[in-house]
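Working notes, beginning with the structure itself.
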Amino acid sequence: TDPALIRNFCIIAHIDHGKSTLADRMLQLTGVVEDRQMRAQYLDRMDIERERGITIKSQAVRLPFTAADDVSYVLNLIDTPGHVDFSYEVSRSLAACEGAVLLVDAAQGIEAQTLANLYMALENDLAIIPVLNKIDLPAAQPEKYAAELAGIIGCDPSDVLRVSAKTGVGVEDLLNEIVAKIPPPVGDADAPARAMIFDSVYDTYRGVVTYVRVVDGRLGTRERIQMMSSRATHEMLEIGVSSPEPTKVDSLGVGEVGYLITGVKDVRQSRVGDTVTSAAKPAADILSGYRDPKPMVFSGLYPIEGTDYPVLRDALEKLQLNDAALVFEPETSAALGFGFRCGFLGLLHLEITRDRLEREFNLDLISTAPNVVYQVRMEDGVEHTVTNPSEFPEGKIAEVREPVVRATLLSPSDYVGQIMELCQGRRGSLQGMDYLSEDRVEMRYTLPLAEIVFDFFDQLKSRTKGYASLDYEPSGEQVADLVKVDILLQGEMVDAFSAIVHKENAYSYGLEMTKKLRELIPRQQFEVPIQAAVGARVIARENIRAIRKDVLSKCYGGDISRKRKLLEKQKEGKKRMKMVGRVEVPQEAFISALSTE
Ligand code: GDP
Ligand code: MG
């Protein structure tokens, strides 16, 4: 295809604002999916995406469109994941486009993640087409939100398109606007081939499918390709476009978007952001932006049934085929047995992974409280990277550094006070505040990542009746006054409960955990002290008193069968007990104590 006839675009939208529905209408309107084959959310293939209503992996689809000028164009719709955890993937999808449709629910207005993605699109110099969706809704306020969008982008409110993805109203106008406003791709057709990977997906039948956008030159079948970050070369087995079913083509030229199937075995050999070139005639320079995915949040995953450990390992290996950002290594915990310490991009990534492990591999798991990665410098200059609180070094510590994020919060202005209170309580510092319209405000904070990985989002939602939205991105690290709190049962440390917390919060963490455990652990034959300690200093203490009577004394002599039943019940219960020193702890207690309500 002549690059002049290509338009590459994506849709930036908040979850539920109608991106998938709009894509459906575009597929129908351009005739690539026949009406009778149409099903809702055609492009969202993963089950889990459908259920959660989010798009995890970006997809691309080629839409032939005859515009108002009677010329046939090729529109490539590149789907972007919407969640903060995947912001690097979002940035790569954006880099594959020349323009973006900014889709906003006309009854809701713009949300923080959308705003953050819009800023990212503007940084990438994309043409922005502002669109209000759901104008069919009685609650729609198109005037209000058109003014808001116009204010943010700096256009006239009348430039904001109004559509209903549900009924199809305005969608053809939008396609024409895409042709008119988004510039065609430019590249050097005679230069050595360079294509950017914006997605890489493992498919059981086809192996790794790598989605690329060609920038320069041409990639064809029957040639070896090279991944520029690693210099590794692979055979090219198939090249094609999604329309939306995979369709083979001979080659892809400047500005074209399609997929490659190569000899690559797992997605880590074909990473988002990397540049593909021809092995025979490699390009000199890598396209900018490649970055290794970096896990930000760690958690221990343990099977509830110890015998499931090999199943868990296989399952993690399988998920890793399709997830370059997932890392894991074996770990043992005195309290929880054999498991894995896993690293994730963020909390949603953790949740999705855990969910898939339980659902697709039939596993019951315990996960330890998520923690961020700390850098610890000792007085003798030795540096430690701590991904597990129980491995926090002992001895003379010079400083502890923790990761920091830049957060954007959008909210009705009524809740500014509550949000400030929440952020201050989480060691946040206000960086700036802007009114988007008279009653909506954007607040920018820097916050320690550790303070938001736990329940920040829930707190934010409950304090703002669900109206505030949040987005954040990593922003380096800072030195902080952090200590490790250990929990001891009868003097034995329970590794799964160690936490790294700010000095000011150590006492309340210790108090909370010891209280919780006192309620969860049954009385034993002897007294069990539960202590919280920072180093050798005990900061909180509870006691579980010893049982006086044994179980049988409840049964006033006589009834033998009842006695036997009781004994058996007790035995059954014991199978689910873990020993911490001499103390029997029901596994249930660990699960409850680790759950975040
Ligand atoms: P996504 O999360 O951005 O992909 O949003 P979806 O396309 O899944 O849409 C979220 C919900 O909004 C679904 O229940 C859609 O049926 C509904 N929806 C999408 N577009 C419209 C619209 O134009 N009008 C109305 N009334 N509902 C819509
Ligand atoms: Mg969707």
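The values are calculated or read from the model by the stated rules, or taken from the named source; none is laboratory data. Quantities reported herein were computed from a predicted structural model and do not represent experimental measurements. Note that each Cβ is placed from the backbone with ideal geometry, even for glycine, and that neighbours are counted across all protein chains shown. Heads up: the accessible areas ignore ligands, DNA and RNA and are worked out on the full protein's heavy atoms, side chains in. Shrake-Rupley method; radii C 1.70, N 1.55, O 1.52, S 1.80 Å.
For residue 12, enumerate residues with amide H under 5 Å from its amide H, sequence gap 5+ or separate chain, H modeled in the peptide plane.
Correct list: 101, 102, 103.
Would you please give the residues with an amide H less than 5 Å from that of residue 478, counting only those at least 5 places away or on a separate chain, with H modeled from the backbone geometry?
402, 404
Output the relative contact order of the chain, whole-number percent, from Cα pairs under 8 angstrom with separation of 6+ residues.
It rounds to 9 percent for the chain.
Residues with beta-carbon under 11 Å from that of residue 292, excluding residue 292: net charge, scoring Lys, Arg +1 and Asp, Glu -1?
Net charge in that neighbourhood comes out at +3.
Find how many whole Å separate the alpha carbon centroid of the range 145-203 from the alpha carbon centroid of the range 280-304.
27
Report the convex hull volume per residue for the range 65-110, counting only C-alpha atoms, in Å³.
Hull volume over Cα atoms, normalised by residue count, gives 104 Å³.
Compare 70, 2, 85 by solvent-accessible area with a 1.4 Å probe and give them largest first, with all protein chains kept in place.
70, 2, 85
I'd like the per residue volume of the convex hull spanned by the Cα atoms of the range 149-263, given in cubic angstrom.
Dividing the Cα hull volume of the range 149-263 by its residue count gives 172 Å³.
If you fit an axis through the alpha-carbon atoms of helix 171-181 and take the longest principal axis of the Cα set of the chain, what angle between them do you get, 0 to 90°, nearest 10?
Tilt of helix 171-181: around 70 degrees.
Sort all Cα-Cα distances of the chain into consecutive 10 angstrom bins from zero, then give the percent of pairs in each bin up to the one containing the longest distance.
Distribution as computed: 3, 15, 22, 23, 18, 11, 6, 2, 1, 0 percent.
Which of rounded, prolate, oblate describes the range 436-551, given a ≥ b ≥ c as roots of the alpha-carbon gyration tensor eigenvalues and a/c under 1.5 marking rounded, otherwise prolate only if a/b is larger than b/c?
Since a/c reaches 1.5 and a/b is larger than b/c, the shape of the range 436-551 is classed as prolate.
In the chain, what % of DSSP beta bridges are antiparallel (nearest 5)?
Here the share of antiparallel DSSP bridges comes out near 85 percent.
Quick one: compute the contact order of the range 409-476, relative version, from alpha carbon pairs under 8 angstrom and 6+ residues apart, as a percent.
Value for the range 409-476: 40 percent.
Quick one: how many Å² of residue 302 are accessible to a 1.4 Å probe, rounded to 10?
0
Kindly report, to the nearest 10 Å², the accessible surface of residue 341 as traced by a 1.4 Å probe over protein heavy atoms only.
Looks like 20 Å² after rounding.
What do you get for the angle between helix 142-153 and the principal long axis of the chain? Use alpha-carbon atoms, 0 to 90 degrees, nearest ten.
Roughly 90 degrees between the two axes.
What do you get for the angle between helix 309-321 and the principal long axis of the chain? Use alpha-carbon atoms, 0 to 90 degrees, nearest ten.
Its long axis makes an angle of about 20 degrees.
Would you tell me the accessible area of residue 396, worked out with a 1.4 angstrom probe on the heavy atoms of the protein chains, in Å² to the nearest 10?
My reading of the accessible area for residue 396 is about 140 Å².
If DNA, RNA and ligands are ignored and the probe is 1.4 Å, what is the ranking of 502, 349 by accessible area, most exposed first?
Final ranking, largest accessible area leading: 502, 349.
From the square roots a ≥ b ≥ c of the eigenvalues of the alpha-carbon gyration tensor of the range 245-290, which class results: rounded (a/c under 1.5), prolate (a/b over b/c), or oblate?
Note, shape of the range 245-290 comes out oblate.
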